[in-house]
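Working notes, structure below.
No value in this document is a laboratory result; all are computed from the given coordinates. Keep in mind it's a predicted model, so treat the numbers as computed, not measured. Positions of Cβ are backbone-derived with ideal geometry, glycine not excepted, and every protein chain shown enters the neighbour counts.
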Amino acid sequence: MVNRSLGYEAVLELSKCQAYEFGGIKSDWLDVVLACYLKQLEVGQEKSWVANIITKKLHEIKPGHSYFPGLTNLVKYKILTVTHIPVGIGDKTEPWYHMSDIIGVCKALQELKYLL
């Protein structure tokens, strides 16, 4: 039996219902996963990042599809983890995301022909 990782299995599960519509534009969650994967490579495997940089990365790889409903869906699938970091004074926090199984995500994206 093949030992498959959490990231690999999560991306394959997401690929079964990968389409979403936001702002009247139909898009693909796997494009968002690819943008997250590429950004994780850029910042380093141990670092976290905020969602707005994924919007910029998604716009680079898929012009015209720069917005998405939010990364909560990818947290739900366990493709990303989220940590809420305090900002400013009071209880305000900002979510920071991290792809913990970058190798598994990479393998799944390659298998699905999203990453060559």
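Laid out as a table, the results:
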{"item": "Cα radius of gyration and Dmax for the chain (Å)", "result": "14.3, 52"}
{"item": "Whole-percent pair-distance distribution, where bins are 10 Å wide, for the alpha carbons of region 70-116", "result": "25, 38, 23, 10, 3"}
{"item": "Set Lys26/Lys57; Lys39/Lys78; Lys47/Lys113 screened for pairs whose C-alpha atoms are more than 23 Å apart", "result": "Lys47/Lys113"}
{"item": "Other-chain or far-sequence residues with amide H under 5 Å of Asp28's (modelled H)", "result": "Tyr20"}
{"item": "Size of electric dipole in the chain: Cβ of Lys, Arg +1 and of Asp, Glu -1, about Cα centre, debye, nearest 20", "result": "100"}
{"item": "Peptides 41-48, 102-109 ordered by average Cβ neighbours within 10 Å, highest first", "result": "102-109, 41-48"}
{"item": "Nearby aspartates and glutamates by direct alpha-carbon distance to Lys76 (threshold 16 angstrom, same-chain neighbours under 8 apart not counted)", "result": "Glu9, Glu13, Asp101"}
{"item": "Computed label-point distance, nm, for sites Ala19 and Glu94 using a 7 Å Cα→Cβ extension", "result": "3.6"}
{"item": "Gain on full stretching of the segment that runs from Glu111 to Lys78 - 0.36 nm per residue minus C-alpha separation", "result": "10.0 nm"}
{"item": "Relative contact order of region 6-107, pairs being alpha-carbon contacts under 8 Å that are 6 or more residues apart, as %", "result": "35"}
